[in-house]
Amino acid sequence: MKQKETIIVTEDLSKTYRDNGVEVPALRGVDLTVSAGEFTAVVGPSGSGKTTLLNLVSGLDNPSSGTVTLKGTAISEMSGKELSDFRRDHIGFIFQAYNLIPVLTVEENVEYIMMLQGVKKEERHRRVMDILRQVGLEEMVDRVPPKLSGGQQQRVAIARAMVSQPDLILADEPTANLDSETGANLLNMMRDLNRDTGMAFLFSTHDQMVMQKATRVITLRDGKITEDLKRD
Amino acid sequence: MWFYIKLAWRNVLRNKRRTLIAGIAIGIGLACLIFYDGLIIGMEEVAIRSATDTFLGEAQIHRQGYRNSREASLMINDPSGFLKDLSVHPAVKAASPRSLAMGMITSPANVNAVMLLGIDPAQEAAVSKIDDAIRQGDFFDGDSPRDIVIGSELADILEAGLGDRVVITVSAVGTGELSQEMFRVSGIYHFSIKEMDGGMAFIRLPVAQRLLGVGDGLQEIAIKFNELKFASQNDLSFWKTFSRDGNEAVSWEELLPQLKTIFEMTGAFRAILAFLLVIVVIFGIINTLFMSLYERLFEFGVLRAVGTRPRGVFKLMLAESGSLGLISAAIGVALALIIMWIVTQTGIDYRGIEFAGTTFQDLLYPVMKLYQFIIYPVGLMVFTLLVGLYPATVASRMSITDAIRRSL
């Protein structure tokens, strides 16, 4: 049932930046709907608006016009505190450069969001161990990120994004800093998790592998959706 | 909050060298403040001791009006009763009766004005340091009524040495007639205080009283307390007890008001130093925290992106500020202890140097007080937290997209 649920709806979404007094449109009237279980890649050349779209969808940035609705809630109307709580409970992030907290152990990094949610220690530990088992890092719980390889760090980032079971995972070029074999393994793992959990994934990517694995490929050009391909 | 404190400690210790440099810079400021405070207390104590132990006493009793006029006829009422009461007062360690008058001292070579003091040698030795300052001869060791002890400078003026004869001329109280007597120099003292070395002469009390024609009259009783602090306690029963019958008991603070004024000024110097420390702390903390903040901009962006509220980031930065303050305070206290310990072993030799109308007689040692190691470090901690509010506010209000621009 969850796979059919609408997760994101954007309507006439636009964003214009000001650069030295010059207005630079980054996104122009984007209408987009993402449903649960989708494994969506947003592709396009640099400057096409991929990152801006992800920032607006996640509530990290405010649109110049238009709306973003996540599971029926218009996030553009939320206060800063409400947005923080909303992101914490509904969105998982996977960043290109992993961006784990280097002074926290693998377990502490993964459990951080649950800690913000007020999940009890025992429950946190159980869920951390479950997700680390799924990403193959259960032996590394006490290590700190600088002691892990790039691929291992990105797996920790994936575990952190998924452990609180959000509705949507946003990933910016998640394989860009990895060699092709590690990238392929991670992509397969994310696709498996996507199938198992029904969470929606939204990638911005240049990686052909990601495009091939995606169930939907959205092409952005000059801030507009020029193509929206869905496949089973 | 505990999580943020744990995270803050790990972050602060992440760049150990930077934390250590910032901690040492701030710690040196704190150590300077503690050391300066200890030194000022030590200097005050030495100055007071030099002023009071040399000759003045920690308190004096006179007939009212004597201090302004220095009239030898203004003598203490009921001196024997006062001396008896003083001998049993619990706050009083020693009391030295003195008979004072201006006079002339004449040697075969020269003549000079002199303040003549009749003293009881044993009592005087218990109050002042005249006996310790003897450089030639002795301090009334024998029982000759002709003994006179003079200062080194006066001896030079008179070209008089041990055993030489000098003549004292004073004006008898009441009659005003000149009264003369010959003495033999039995001791020469040296204090490095011009007024004392060049203008005072000591003889036995009964001889002075006879010379002045005052019977058992006294112009002054110098007091040494069991504890120096009694001299500053206005509510001490001593003052009331011995300010009666037309007499007045006054502490060194009234006798040497300039010294007290100087001590009050040192409080201002302390405040200036504390202000300078505050400046060091402001720049030290802000510089360190902002370096750390901009270095870890992505981390803060990620923390905010994954759901940390602005208040959480604020708490984290504040905890980092507090951690840095704690490290700095620990370094400062350790440095202060080391410096204080070294200087308390060696002392600082300012002997012979004049300060606020007195001359240092002892080595200067910094004085360690518990409050210096509690109030100043705690003050530093509190101030560090206050200064930390600024970077904490900046961190909590920064744009998430700006922070992670290179990431998402």
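Just a few scattered comments:
- Candidates B:D131, B:D120: the one that is of a type in the set (D, E) and without any contact (Cβ under 8 Å) to a residue 40 or more places away in the chain is B:D131.
- Residue that is nearest to the chain's Cα centre (by Cα), among those in the range B:233-277 that are surrounded by 14 or more Cβ atoms within 10 Å (Cβ to Cβ) and among the hydroxyl-bearing types (S, T, Y): B:T266
- Residue in the range B:245-255 that is within 22 Å of B:D78 (Cβ to Cβ), assigned to a loop (DSSP other than H, G, I, E, B) and in contact (Cβ under 8 Å) with a residue 40 or more places away in the chain present: yes
- The single condition among (1) crowded, with 23+ Cβ neighbours inside 10 Å; (2) in contact with a strand residue (DSSP E or B) (Cβ under 6 Å, 6 or more places away or on another chain); (3) closer than 15 Å to A:S204 by Cα that A:L70 does not satisfy is (3).
- Meets criteria (within 25 Å of B:N247 (Cβ to Cβ) and surrounded by 17 or more Cβ atoms within 10 Å (Cβ to Cβ)) for B:E227: no
- In the range B:319-348, residue farthest from the other protein chains (Cβ to nearest Cβ) [restricted to those that are without any contact (Cβ under 8 Å) to a residue 60 or more places away in the chain and hydroxyl-bearing (S, T, Y)]: B:T346
- Single match in B:N77, B:N11, B:N15 (criterion: in contact with an Asp or Glu (Cβ under 6 Å, 6 or more places away or on another chain) and closer than 30 Å to B:E320 by Cβ): B:N11
- Across the range A:25-33, a minimum of one residue is classified as touching a helix residue (DSSP H, G or I) at 6+ places or on another chain (Cβ under 6 Å), among the hydrophobic types (A, V, I, L, M, F, W, C) and over 18 Å from A:F93 (Cα atoms).
- Checking the range B:76-92 against the condition returns a match, with at least one residue being closer than 28 Å to B:F360 by Cβ and part of a strand (DSSP E or B).
- The single condition among (1) of a type in the set (A, V, I, L, M); (2) within 14 Å of chain A (Cβ to nearest Cβ); (3) under 31 Å from the mean Cα position of the chain (by Cα) that B:L370 does not meet is (2).
- Some residue of the range A:56-65 being in a loop (DSSP other than H, G, I, E, B), among the polar types (S, T, N, Q) and more than 14 Å from chain B (Cβ to nearest Cβ): no
- Filter result for B:S99 (among the polar types (S, T, N, Q), farther than 30 Å from B:D349 by Cβ and surrounded by fewer than 21 Cβ atoms within 10 Å (Cβ to Cβ)): no
- Exclusive hit being within 14 Å of chain A (Cβ to nearest Cβ) and of a type in the set (A, V, I, L, M), set B:L289, B:L273, B:L316: B:L316
- Residue among A:L170, A:L148, A:L178 that is closer than 21 Å to A:L54 by Cβ and out of contact with any strand residue (DSSP E or B) (no Cβ under 8 Å at 6 or more places or on another chain): A:L178
- Considering the range A:73-99, the residues that are within 11 Å of chain B (Cβ to nearest Cβ) and free of Cβ contacts under 8 Å to residues at least 12 places away in the same chain include one that is surrounded by the fewest Cβ atoms within 10 Å (Cβ to Cβ), namely A:S79.
- Looking across the range B:1-24 at every residue that is within 21 Å of B:F283 (Cβ to Cβ) and surrounded by 18 or more Cβ atoms within 10 Å (Cβ to Cβ), the one that is nearest to the other protein chains (Cβ to nearest Cβ) is identified as B:N11.
- In the range A:112-231, counting only strands (runs of 3 or more DSSP E) that sit wholly within it, the ones holding 2 or more residues that are in contact with a helix residue (DSSP H, G or I) (Cβ under 9 Å, 6 or more places away or on another chain) span A:168-172, A:200-204, A:216-221.
- Test: B:T359 is away from chain A (no Cβ under 14 Å) and loosely packed, with under 15 Cβ neighbours inside 10 Å: no
- Of the residues B:A31, B:A59, B:A47, the single one that is in contact (Cβ under 8 Å) with a residue 40 or more places away in the chain, farther than 23 Å from B:F230 by Cβ and not β-branched (V, I, T) is B:A31.
- Residue satisfying all of: in the range A:100-111; part of a loop (DSSP other than H, G, I, E, B) and within 26 Å of A:L56 (Cα to Cα); farthest from the other protein chains (Cβ to nearest Cβ) among these: A:L100
- Total residues in the range A:206-227, condition within 21 Å of A:G29 (Cα to Cα) and surrounded by 15 or more Cβ atoms within 10 Å (Cβ to Cβ): 8
- If the condition is being surrounded by 14 or more Cβ atoms within 10 Å (Cβ to Cβ) and among the acidic types (D, E), then the range B:157-194 contributes B:D164, B:E181.
- Taken over the range A:112-151, the criterion of being hydrophobic (A, V, I, L, M, F, W, C) and within 14 Å of another protein chain (Cβ to nearest Cβ) is satisfied by A:I113, A:M114, A:M115, A:L116, A:V119, A:V144.
- Which listed residue is part of a strand (DSSP E or B) and of a type in the set (K, R), from A:R28, A:R88: A:R28
Every number here is computed from the coordinates shown, using simple stated rules; none is lab data. All values derive from a computational prediction rather than experimental measurement. All Cβ positions, even for glycine, are placed from backbone atoms using ideal geometry, and neighbour counts span all protein chains on display.
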